[in-house]
Amino acid sequence: MDVTEFQQWVKEYYASRGWSDLDIFIRIGFLAEETGEVARAIRALEIGRDRPDEETESYKSNKTALMEELGDVLGNVIVIAKKYNISLEQVFQLHQEKCSARSATYKLESF
């Protein structure tokens, strides 16, 4: 599935559930929540769980959880982009141009 197909699928799926009709500030809250879940999934991959009530999962299971959370973040980003009539292709292109312009004037120093 390419990005345009995915963007269309998310649009239809979220609309069918009434999720895309939510106020933009509620949507931003969901995006923040999902971003936190990405952080937690990365923690599980990198250092494991640190609470006694949490079970240790396999690397494969933790990686799948990270992919699921990244999908949730993308879904929220797509709904936000749709609200402002922005395609992900436009986002990709603008981001690439911005980063390319930065790399022409700024080099990341090695650590």
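Sequence-ordered 3J(HN,Hα) estimates for region 5-22 from the Karplus curve with 6.51, -1.76 and 1.60 and θ = phi - 60° stand at 5, 5, 4, 5, 4, 4, 4, 5, 5, 5, 5, 5, 9, x, 6, 6, 8, 5 Hz, glycine and proline given as x. In the chain, Cα pairs under 8 Å separated by at least six residues give a relative contact order of 37 percent. Does region 3-85 classify as rounded, prolate or oblate by the C-alpha gyration tensor (a ≥ b ≥ c root eigenvalues; a/c under 1.5 gives rounded; else a/b over b/c gives prolate, otherwise oblate)? Taking the square roots of the gyration eigenvalues as a ≥ b ≥ c, region 3-85 is prolate.
Of the trypsin sites (Lys or Arg not before Pro) found in region 19-111, those in coil by DSSP whose Cβ has at most 10 other Cβ atoms within 10 Å are Lys107. Spin-label model, Cys99 to Arg40: label points 7 Å out along the Cα-to-beta-carbon direction sit 2.8 nm apart. Applied to region 62-72, the Karplus parametrisation 6.51 cos²θ - 1.76 cosθ + 1.60 on θ = phi - 60° returns per-residue 3J(HN,Hα) values of 5, 5, 4, 4, 4, 4, 4, 5, 4, x, 5 Hz, with x for Gly and Pro. The 3J(HN,Hα) values that the Karplus relation (6.51, -1.76, 1.60; θ = phi - 60°) gives for region 27-36 are, in residue order, 4, 5, x, 5, 4, 4, 4, 5, 5, x Hz. Gly and Pro appear as x. Restricting region 26-81 to GluC sites (Glu not before Pro) that sit in a DSSP loop and have at most 13 other Cβ atoms within 10 Å of their own Cβ leaves Glu54, Glu55.
Only the coordinates and a few stated rules stand behind these numbers; no lab work does. Just so you know, these numbers come straight off a predicted model, no measurement behind them. We place every Cβ from the backbone using ideal geometry, glycine too, and count neighbours over all the protein chains shown.
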